[in-house]
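Below you'll find the structure, written out as structure tokens, and then a few comments.
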Amino acid sequence: MAHISGSDRSQLLLLPEAIDDYVDVENPVRFIDAFVDGLDLKSLGFARVEAKVIGRPGYDPGDLLKLYIYGYLNRVRSSRRLEAECRRNMEVIWLLRTLKPDFKTIADFRSDNRAAFKSVFREFTVLCRRLDLFGRELLAIDGTRIKAVNNKDRNFTKASLDKFIAAADKKLDDYLARLDTDDEIEHAMAGARTRNLAEKIEALKRKRAEYAAYLKILERSGDDQVSMTDPDSRAMAAHTKVGVGYNVQIAVDAKNKMIVEQAVSNDVLDMGLLQRTAEPARAILDVEKLNIVADKGYYKIEDIEACERAALTPYMPRPQRGAAVKNGFFRKDEFRYDSVSDTYICPAGQTLKRIRESRLRELKKIEYGNPKACRACPLRSRCTRNIRHISRLDNEGVLDRMAERVSEKPEILNRRREIVEHPFGTIKQSMNQGAFLMRGLENVRAEFSLTALVYNLRRALNILGTKALLAAVRA
Ligand code: SF4
């Protein structure tokens, strides 16, 4: 039996007469088209919304925005590839009504309008809220690192530069000493080895001067590291696979695992980013109160307190840090605080009273102890090498309240992983966004806004379908 064969290429065919016939009613491009047409691009901050009165007419920003949303939805992010799609992809030909912008126009549109993409993401989030796609009760906050256009070898810290300069100075001294000796030995041999050494010295001097210049940049900026290809990117020490990149934070609603808020920064740590990410999400969801769950990387008393003030109820595990944990002694949570008497009760049942005060950042820190009891304690070898002190910040009640909430609902901590893994897994694996294409914080923010927008769009299409989304945007 023969295989299925195609038609003869030279045979005349009766193709549909309109481009519209090639795009079925359930095709997501129909939603992209209607969604962008319904946006007030000028108020969202897009440039050149009004056509020029004189001169060569430009492209409508709406058409280029449609192209980018379509491209990101279909894993086509580069301007050159988007240009190619405009010529060969029937869906894009339909979406752009046969327009064929060149790659430069496409790339310029993204960088000229980089601040406006977040507003488009928010517009779609508001539409999702109207469609009841968010549960508006529980948000999971998490961060990931995405690689920047900056190789690890092009990132320097003050310590690495100091180390290189010291090593270079040592090597230069050694070369110069050898140069003196070789001069004498090779005088009669036209100095081939000497010339070789002199070249090495020159190369090392150039490199040293380059590194000294980086050091000056660091000293001037007050930063602790400098990236030479993308100056805004940072080495993410705990994320060796990424190397140099950006910190991407998302707030994900538990109901359909959709992103409510996203932010890209070059903060190396997640600590301190909880309220900054959750507060705008609460505003978008338009609720009075919200539960938020995060991992222990966000555990910072000032941030947890700021969340409580903003009617956000945080849940996160208490990290086991400090010298006692490292040495295998009783952990702090094994000491019970009695707020009535302002004392701690230790595992041996002894009372630890206030003994001194100091400051940690802006906070008052109080130390509790009972030296007499420790000296006579049978549990001392499990508690301390000398006298055990327990420290408490003056607003530490905020941590106690959170620990109580977590003990009442411990399952909420497991939900965090399940909620945030879906968006991060999809973005990195299915959407293939393991690295940014552009340089600079503002540019990568624009990139990620598009990524988060199409992640939500894909979820909404899967849950409701194109027709329901189209009906909502036309209502
Ligand atoms: S060593 Fe001191 S703090 Fe530790 S259990 Fe004994 S009495 Fe309590």
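The values are calculated or read from the model by the stated rules, or taken from the named source; none is laboratory data. These numbers come from a predicted model, not from an experiment. Glycine also receives a Cβ, built like all others from the backbone with ideal geometry; neighbour counts cover every protein chain displayed. Ligands, DNA and RNA are excluded from the accessible area calculation, which covers all protein heavy atoms including side chains. Shrake-Rupley method; radii C 1.70, N 1.55, O 1.52, S 1.80 Å.
What single numbered condition from (1) within 28 Å of PRO410 (Cβ to Cβ); (2) not in a loop (DSSP other than H, G, I, E, B) fails to hold for ARG354?
All conditions pass for ARG354, except number (1).
Going by what's in this entry, would ARG356 be described as over 24 Å from GLY272 (Cβ atoms), exposed (fewer than 13 other Cβ atoms within 10 Å of the Cβ) and within 15 Å of the ligand (Cβ to nearest atom)? Give the derivation first.
Numbers: over 24 Å from GLY272 (Cβ atoms): yes; exposed (fewer than 13 other Cβ atoms within 10 Å of the Cβ): yes; within 15 Å of the ligand (Cβ to nearest atom): no.
The answer is no for ARG356.
Given the conditions (1) part of a helix (DSSP H, G or I); (2) at pLDDT 90 or above, report the number of the one that ASP180 does not fulfil.
(2)
In segment 416-475, which residues are under 13 Å from the mean Cα position of the chain (by Cα), farther than 26 Å from GLY45 by Cα and part of a loop (DSSP other than H, G, I, E, B)?
Of everything in segment 416-475, just one residue is under 13 Å from the mean Cα position of the chain (by Cα), farther than 26 Å from GLY45 by Cα and part of a loop (DSSP other than H, G, I, E, B), namely GLY434.
Quick one: CYS374 ticks every box in (1) within 8 Å of the ligand (Cβ to nearest atom); (2) assigned to a loop (DSSP other than H, G, I, E, B) bar one, so which box is it?
Exception for CYS374: condition (2).
Just the residues that are open to solvent by 50 Å² or more (accessible area, probe 1.4 Å), touching a residue at least 12 places away in the same chain (Cβ under 8 Å) and within 16 Å of the ligand (Cβ to nearest atom), please, taken from segment 329-353.
LYS332, ASP333, GLU334, TYR337, PRO347, GLN350, THR351, LYS353 - these are the residues of segment 329-353 that are open to solvent by 50 Å² or more (accessible area, probe 1.4 Å), touching a residue at least 12 places away in the same chain (Cβ under 8 Å) and within 16 Å of the ligand (Cβ to nearest atom).
Return the residues of segment 123-182 that are closer than 22 Å to ARG206 by Cα and of a type in the set (A, V, I, L, M); say none if nothing qualifies.
ALA159, LEU161, ILE165, ALA166, ALA167, ALA168, LEU172, LEU176, ALA177, LEU179
Please give the number of the condition MET316 fails out of (1) away from the ligand (no atom under 16 Å from the Cβ); (2) over 26 Å from GLU408 (Cβ atoms); (3) not charged (D, E, K, R).
For MET316, the exception is condition (2).
In the list ARG380, ARG445, which residue meets the criterion of being within 16 Å of the ligand (Cβ to nearest atom), crowded, with 16+ Cβ neighbours inside 10 Å and either within 30 Å of ASN113 (Cβ to Cβ) or of a type outside the set (Gly, Ala, Ser) (or both)? Lay out the reasoning, then the answer.
On the way: ARG445 fails: within 16 Å of the ligand (Cβ to nearest atom).
Residue meeting the stated conditions: ARG380.
Taking ASN386 as meeting all but one of (1) surrounded by fewer than 15 Cβ atoms within 10 Å (Cβ to Cβ); (2) away from the ligand (no atom under 16 Å from the Cβ), write down the number of the exception.
Unmet for ASN386, out of (1) surrounded by fewer than 15 Cβ atoms within 10 Å (Cβ to Cβ); (2) away from the ligand (no atom under 16 Å from the Cβ): (2).
Name the pairs: first residue in segment 36-47 and outside the structural domain of ALA446 (by TED's automatic domain parsing) and part of a loop (DSSP other than H, G, I, E, B), second residue β-branched (Val, Ile, Thr) and open to solvent by less than 60 Å² (accessible area, probe 1.4 Å), Cβ to Cβ under 8 Å, at least 6 apart or on different chains?
GLY38/VAL473; LEU39/VAL120
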